[in-house]
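Visitor: Structure below; questions to follow.
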Amino acid sequence: MQLTKDQVAKFQKLGINSVIELALHVPHSYEDYRLHASLIAQKAQLIDATVESVYKAPNSIQITFFAHNLGHTVQGVLFRPKPYMLHQFQVGARDYYYGVIDCKQGHCSMSMPKKITQIGKITPKYKTALRNDVMQRLVASLVTRENLLHVKLPEDIVQLLLQLHFPTDEILNRNELSEKYLRALKYTELFAYMQLLAGKRRYFQSLSSGAKAYKPWSKILPFTLTDEQLAAIEDIHKDMKKDVAAKRMVVGDVGSGKTMVILAAAYMNMPNRSLLMAPTTILANQLFEEAQKYLPKLKIMLVTNKTKKTDLDEYDFIIGTHALLFRELPQASLIMVDEQHRFGTKQRNMLEKLVVEQERKPHFIQFSATPIPRTQAMIESAHIDVSLITTTPFTKDIDSKVIHKNDFQELLLHVKAEIVKNNQVLLVYPLVQESEAFDYQSIEEARGYWEKNFDNVYVTHGKDKDKEQVLLDFREKGDILIATTVVEVGISLPRLSTVVIVGAERLGLSTLHQLRGRVSRTGLKGYCYLYTNKSKSERLDEFIHTKSGFDIANLDLKFRKSGDLLKGLVQSGSQFQWVDFAEDEAIVAEVKKDLQTFSEPVL
């Protein structure tokens, strides 16, 4: 369907791109411009009236009407009238007027009557950047059954949308939208957005289309992979067998075993080359060590800023930091990015471009340790395939507790007892330096106390150039680490048993969960203390009883608007008007299923 220049200009004024989006601009109210032979209580109505007299008072105009349809005299009153209003009421003239009529003891009055020319129907009223009559004409010309069915909206949804724009008495007599209309709007909003995402997805021929069987490899591992790890590996196995370049995101909770999925992908890609980019040297090192342990037959290379420039052609699996972006890279048919949110889109695209061959592209898999609500995963799957790992290989035993100032002595005893057991403690402070706007100590204010009363105290923060070395030194020799949320992702600290988060109510629940996930990585008994000056916090109270990162993500939805969650997914400013991600998972699933019935592009 081709829009005219005038319609395109109106779409731009409304800030929309499609007929579906126009259909979502539903009227905020309706006015009934049909004649009725009796009074309608407490609602505006139309009268067919002759003006019998007009009296101009200092701050009002009083008009006497004879309403032919009601067979009754009605007194009209205009308060603080504009000069042009007087011309609408000529004695002896018979016209149509609209307003709320109130009758007491046989005397009827109409407050603020307005002259109406379009009569005989229920008229929708829109709150948009366009004048109401212009909007009505635009909707009448474009929001048609034919156009809405053409964009693949289901018949029942189309019917309900049309009823909202071209109303009947059922709509008029309701004070609020009924469940069926609300559901239709939610469905349409999700359908429009997910269809837009699907339209942006581009398909390329892959550099390779083969996948080695992973089961023989998984069976010789010294542990058993979880069902969800195996499901994610199976997803990737199917991706690799296609001649379409894969685009997949694997989302797993802290400690869910994403590393083994990464290694399985590199194994399945043999004899083709794989490339993995990690956000820090520590993480790259850890992944390199794991790869050497579990992929002994592969030639593996680690690339960091300190690695000398050598020919990488002879290696099967290249693991590195962003230093990879500044190297001559050999062709690789699989690219993986760990902790993908810590790299910009530009960096991820650069990596892909370094190994492409004309129009053919590598399979691309990104990994994230920030669990997302299932609703978001389903929406994202319109433009990228998503695998979720919601379980962990072993259950962590972590006690979580909200603490206050009067619990400090008890906390000190706990810290001392853990150090005696050769365990480590992490103290997370909200700021590096003192701030008057903050009612919590900063790292600089607090460190003196801990350094005076304890040995082997290490301090680091986000702007610390040596933070990676500090973390490595702490892992080997430290008792207490004082830090900001810099430790949220990254280094494995096997002896860490306790985390204390100061000003916990200021952090998002997912950040708190990431920090809690640093402890008890090797089966140690773990403790998470949330220190707050607030006497009561419903968020923190719910958090301490919630263990799964995916449940935490849903809890986060409960305490904040969905729009915040979708920053980066949804373009800035375009929040969902009707959809509530905490409540509407079933509708998202339905839209996803319906969209999947359309045929996939064939190369």
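Visitor: What do you reckon, is residue 420 among the aliphatic types (A, V, I, L, M) and exposed (fewer than 14 other Cβ atoms within 10 Å of the Cβ)?
Guide: The answer is yes for residue 420.
Visitor: Go through the residues of segment 97-109 one by one and say whether even a single one is surrounded by 12 or more Cβ atoms within 10 Å (Cβ to Cβ), in contact with a His (Cβ under 7 Å, 6 or more places away or on another chain) and closer than 30 Å to residue 190 by Cβ.
Guide: no
Visitor: Taking interchain pairs and intrachain pairs at least six residues apart, which have beta carbon atoms under 8 angstrom, with the first residue in segment 65-93 and more than 13 Å from residue 52 (Cα to Cα) and the second in a loop (DSSP other than H, G, I, E, B)?
Guide: Going by the 8 Å Cβ cut-off, the qualifying pairs are 69/36; 69/37; 70/37; 70/38; 70/39; 79/59; 80/59.
Visitor: Of the residues in segment 18-39, how many are touching a strand residue (DSSP E or B) at 6+ places or on another chain (Cβ under 9 Å), assigned to a loop (DSSP other than H, G, I, E, B) and in contact (Cβ under 8 Å) with a residue 40 or more places away in the chain?
Guide: 6
Visitor: State whether the residues of segment 196-207 include one that is within 29 Å of residue 249 (Cβ to Cβ), touching a Pro at 6+ places or on another chain (Cβ under 6 Å), among the aliphatic types (A, V, I, L, M) and crowded, with 19+ Cβ neighbours inside 10 Å.
Guide: Yes, segment 196-207 contains at least one residue that is within 29 Å of residue 249 (Cβ to Cβ), touching a Pro at 6+ places or on another chain (Cβ under 6 Å), among the aliphatic types (A, V, I, L, M) and crowded, with 19+ Cβ neighbours inside 10 Å.
Visitor: Right, another one. Within segment 125-156, how many residues turn out to be touching a Ser or Thr at 6+ places or on another chain (Cβ under 8 Å) and either under 15 Å from residue 11 (Cα atoms) or not aliphatic (A, V, I, L, M) (or both)?
Guide: Total meeting the criteria: 3.
Visitor: Does any residue of segment 131-150 turn out to be of a type in the set (S, T, N, Q), within 19 Å of residue 578 (Cβ to Cβ), surrounded by fewer than 19 Cβ atoms within 10 Å (Cβ to Cβ) and modelled with pLDDT under 95?
Guide: No: zero hits.
Visitor: Those residues that are closer than 17 Å to residue 590 by Cβ, crowded, with 19+ Cβ neighbours inside 10 Å and either of a type in the set (A, V, I, L, M, F, W, C) or at pLDDT below 90 (or both), I need them from segment 161-194; list them, please.
Guide: Hits for segment 161-194 are 161, 184, 185, 190, 191, 192, 193, 194.
Visitor: Report, by residue number, each residue of segment 363-386 that is touching an Asp or Glu at 6+ places or on another chain (Cβ under 9 Å), assigned to a helix (DSSP H, G or I) and among the β-branched types (Val, Ile, Thr).
Guide: Of everything in segment 363-386, just one residue is touching an Asp or Glu at 6+ places or on another chain (Cβ under 9 Å), assigned to a helix (DSSP H, G or I) and among the β-branched types (Val, Ile, Thr), namely 375.
The values are calculated or read from the model by the stated rules, or taken from the named source; none is laboratory data. Everything numeric in this text was worked out from a predicted model, so none of it was measured. Using ideal geometry, Cβ is built from the backbone for each residue, glycine included, and neighbour counts are taken over all protein chains shown.
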